[in-house]
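Engineer: The structure's right below; bear with me while I get my questions together.
We did not get these values from a lab; they are worked out from the coordinates using the rules stated. All values derive from a computational prediction rather than experimental measurement. Cβ atoms come from the backbone with ideal geometry, glycine included; neighbour counts cover every protein chain shown.
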Amino acid sequence: MQAVRFVGVGKSAEIADVAKPSTGPGQVLLKIGGTGVCHSDLHVMEEDLGFTPPFTLGHENAGWVEQLGEGVTGFKEGDAVAVYGPWGCGRCHSCQLSMENYCENWAELGGFGGGLGFDGGMAEYMLVPSSRLLVPLADMSPAKAAPLSDAALTPYHAIKRALPQLNAESTVVLMGVGGLGHMALQLLRLLAPVRIIAADVDDKKLEHAKSLGADEVVNNRNADEAAERILKITGARGAGLVLDCVGVQPTIDLGAKLLQRNSVWTIVGLGGGHHDFHHGSTPYGTLMGIPYWGSRVELMEVIAMARDGRIHAETTEFPLDQAVEVYDKLKAGQIKGRAVLIPDGA
Ligand code: NAD
Ligand code: ZN
Ligand code: ZN
């Protein structure tokens with residue numbers, strides 16, 4: 001079958017022919033319906049994050065059950081499912097709480113999940129190690145659901161952690177209105193009575209933010225001007241939450257200027273920016289966090305919100321064999337919402 005492979009740091013993804021997997025006990029084989037193309041894959045291919053090549057990329061996956069391994073119950077062939085992406089040990093305290101994203105045994109597992117160390121879903125079929133990692137989609141199309149498993153789940157988890165600190169007088173500054181950011185905006189609208197300022201360096205992304213309900217949009221190409229404009233809106237209270245879905249040095253530096261006492265600063269983007277966090281560098285009461293992905297139960301909640309139309313991923317579909325070009329487009333900032341790769345015949 002055709003698959004999109006990570007072949008090494010500093011190299012583009014490659015389309016290769018690999019063997020169709022088959023199930024062992026407890027495993028489930030999926031026919032892939034769609035895979036979201038996440039910016040994290042660009043980090044995997046461009047920076048040494050410790051992944052050993054080769055493996056099939058794609059960590060935002062959904063499809064239909066093709067084959068159930070021995071002993072698997074609760075699913076049948078043809079069921080539409082989303083794959084929960086962060087694969088933990090399934091046994092530790094965090095995993096038992098469904099937070100496999102914070103598995104205590106992650107260092108021993110050899111990878112983060114399908115597409116991040118293990119074979120992922122940019123292929124016609126994908127092997128999932130346990131039915132525990134599947135969330136039923138019922139009537140929802142896998143190609144529409146795939147991006148929810150990360151582009152929606154990650155900001156959902158991040159926003160839920162900040163909710164106790166937010167109130168009707170809070171301003172949230174959302175940075176980066178791409179795959180994660182366009183879902184974050186919808187989730188913020190739904191979950192919190194806050195004023196939302198969206199910041200991006202691309203005016204098209206800011207138009208998108210406006211259409212999704214941002215109260216104000218700010219182009220932060222000029223950081224000083226952007227900080228001044230945002231602080232004029234927030235007043236002395238500063239940002240209640242800075243949700244940084246980029247994480248590069250310019251957004252970290254801008255974020256630091258927007259904090260006031262008791263702000264929440266949540267950095268989701270893996271852009272590699274630094275901040276010197278200590279008494280004196282950051283206002284008192286700042287809650288700083290670097291959340292990772294989300295829990296299985298949170299994925300169930302995200303899918304519930306999407307199934308009845310409370311949130312939706314804005315997707316552009318491409319054939320699987322255009323993966324390399326799609327990564328180039330993502331890198332150039334030419335994808336609105338999320339690109340989804342569709343294998344032949346799905
Ligand atoms: P994307 O490419 O779809 O969107 C990025 C957006 O950021 C684009 O709209 C782009 O115009 C904007 N941007 C770029 N530079 C900017 C700047 N200096 N200021 C403001 N906006 C800027 O990416 P994505 O798939 O949404 O991923 C975003 C980041 O989140 C990536 O770094 C990705 O690796 C990371 N990520 C983290 C987690 C986690 O669990 N922590 C999960 C998924 C993705
Ligand atoms: Zn991702
Ligand atoms: Zn675990």
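Engineer: Output yes when any residue across the range 122-144 is within 16 Å of ligand 1 (Cβ to nearest atom) and either at negative phi or in contact with a His (Cβ under 7 Å, 6 or more places away or on another chain) (or both), and no when none is. Before the answer, list the steps.
Structural biologist: Taking the range 122-144 as the starting set, the residues that turn out to be within 16 Å of ligand 1 (Cβ to nearest atom) are 122.
From the residues that got through so far, the ones that are either at negative phi or in contact with a His (Cβ under 7 Å, 6 or more places away or on another chain) (or both) too are 122.
Scanning the range 122-144 turns up at least one residue that is within 16 Å of ligand 1 (Cβ to nearest atom) and either at negative phi or in contact with a His (Cβ under 7 Å, 6 or more places away or on another chain) (or both).
Engineer: Based on what the data block shows, is Glu104 touching a Gly at 6+ places or on another chain (Cβ under 6 Å) and within 9 Å of ligand 3 (Cβ to nearest atom)?
Structural biologist: Working: touching a Gly at 6+ places or on another chain (Cβ under 6 Å): no; within 9 Å of ligand 3 (Cβ to nearest atom): yes.
Here the answer is no, as Glu104 does not meet what is asked.
Engineer: In the range 62-72, is there at least one residue being free of Cβ contacts under 8 Å to residues at least 40 places away in the same chain, of a type in the set (S, T, N, Q) and either surrounded by fewer than 18 Cβ atoms within 10 Å (Cβ to Cβ) or away from ligand 2 (no atom under 16 Å from the Cβ) (or both)?
Structural biologist: Checked against the condition, which is being free of Cβ contacts under 8 Å to residues at least 40 places away in the same chain, of a type in the set (S, T, N, Q) and either surrounded by fewer than 18 Cβ atoms within 10 Å (Cβ to Cβ) or away from ligand 2 (no atom under 16 Å from the Cβ) (or both), the range 62-72 yields no hits at all.
Engineer: Taking the range 80-108 only, how many residues are within 16 Å of ligand 2 (Cβ to nearest atom) and in contact with a strand residue (DSSP E or B) (Cβ under 8 Å, 6 or more places away or on another chain)?
Structural biologist: Count: 6.
Engineer: If we scan the range 91-107, do we find a residue that is under 14 Å from Asp41 (Cβ atoms), among the aliphatic types (A, V, I, L, M) and out of contact with any Pro (no Cβ under 8 Å at 6 or more places or on another chain)?
Structural biologist: So far as the range 91-107 goes, no, none of its residues is under 14 Å from Asp41 (Cβ atoms), among the aliphatic types (A, V, I, L, M) and out of contact with any Pro (no Cβ under 8 Å at 6 or more places or on another chain).
Engineer: Okay, next question. Which residue, of Glu317, Glu298, is surrounded by fewer than 22 Cβ atoms within 10 Å (Cβ to Cβ) and out of contact with any Phe, Trp or Tyr (no Cβ under 9 Å at 6 or more places or on another chain)?
Structural biologist: Numbers: Glu298 fails: out of contact with any Phe, Trp or Tyr (no Cβ under 9 Å at 6 or more places or on another chain).
Only one candidate qualifies: Glu317.
Engineer: Moving on to the next point. Filter the range 73-111 down to the residues that are touching a residue at least 40 places away in the same chain (Cβ under 8 Å) and of a type in the set (Phe, Trp, Tyr) and list them by number.
Structural biologist: Within the range 73-111, Phe75, Tyr84, Trp87, Tyr102 meet the criteria.
Engineer: Residues that are surrounded by 21 or more Cβ atoms within 10 Å (Cβ to Cβ) and under 19 Å from the mean Cα position of the chain (by Cα): which strands (runs of 3 or more DSSP E) entirely in the range 107-224 hold 3 or more of them?
Structural biologist: Details: elements: 125-128, 134-136, 171-175, 195-200, 216-219.
Once the strands (runs of 3 or more DSSP E) in the range 107-224 are filtered for at least 3 residues that are surrounded by 21 or more Cβ atoms within 10 Å (Cβ to Cβ) and under 19 Å from the mean Cα position of the chain (by Cα), what remains is 171-175, 195-200.
Engineer: If I ask for residues that are surrounded by fewer than 21 Cβ atoms within 10 Å (Cβ to Cβ) and either in contact with a Phe, Trp or Tyr (Cβ under 6 Å, 6 or more places away or on another chain) or at negative phi (or both), which ones from the range 320-334 would you list? Explain how you work it out, then say what you get.
Structural biologist: Initial filter on the range 320-334 (surrounded by fewer than 21 Cβ atoms within 10 Å (Cβ to Cβ)): 321-322, 324-325, 328-334.
Across the range 320-334, the qualifying residues are Asp321, Gln322, Val324, Glu325, Asp328, Lys329, Leu330, Lys331, Ala332, Gln334.
Engineer: List pairs: first residue in the range 312-340 and touching a residue at least 40 places away in the same chain (Cβ under 8 Å) and over 22 Å from Met183 (Cβ atoms), second residue among the acidic types (Asp, Glu) and outside any helix (DSSP H, G or I) anywhere in the structure, Cβ distance under 9 angstrom, at least six positions apart or on different chains.
Structural biologist: Taking only residues 6 or more apart or on different chains, the pairs are Leu320/Glu124; Leu320/Asp344; Asp321/Asp344; Val324/Glu14.
Engineer: What residue, of Gly120, Gly26, is among the small types (Gly, Ala, Ser) and under 17 Å from Ala151 (Cα atoms)? Write out each step before concluding.
Structural biologist: Values: Gly26 fails: under 17 Å from Ala151 (Cα atoms).
Matching residue, one of Gly120, Gly26: Gly120.
Engineer: OK, next. Just one of Leu174, Leu185, Leu166, Leu191 is within 25 Å of Leu231 (Cβ to Cβ) and out of contact with any strand residue (DSSP E or B) (no Cβ under 8 Å at 6 or more places or on another chain); which is it? Before the answer, list the steps.
Structural biologist: Numbers: Leu174 fails: out of contact with any strand residue (DSSP E or B) (no Cβ under 8 Å at 6 or more places or on another chain); Leu185 fails: out of contact with any strand residue (DSSP E or B) (no Cβ under 8 Å at 6 or more places or on another chain); Leu166 fails: out of contact with any strand residue (DSSP E or B) (no Cβ under 8 Å at 6 or more places or on another chain).
Unique residue meeting the criteria: Leu191.
Engineer: Might you let me know whether the range 22-29 holds any residue that is of a type in the set (A, V, I, L, M), touching a Pro at 6+ places or on another chain (Cβ under 9 Å) and farther than 22 Å from Asp328 by Cα? Explain how you work it out, then say what you get.
Structural biologist: Initially, the range 22-29 is screened for residues of a type in the set (A, V, I, L, M), giving 28-29.
Imposing the further condition that a residue be touching a Pro at 6+ places or on another chain (Cβ under 9 Å) reduces the set to 28-29.
Next, from what is left, pick out any that are farther than 22 Å from Asp328 by Cα: 28-29.
Scanning the range 22-29 turns up at least one residue that is of a type in the set (A, V, I, L, M), touching a Pro at 6+ places or on another chain (Cβ under 9 Å) and farther than 22 Å from Asp328 by Cα.
Engineer: I'd like to know if the range 287-298 contains one or more residues that are in contact (Cβ under 8 Å) with a residue 60 or more places away in the chain, within 16 Å of ligand 3 (Cβ to nearest atom) and among the hydrophobic types (A, V, I, L, M, F, W, C).
Structural biologist: yes
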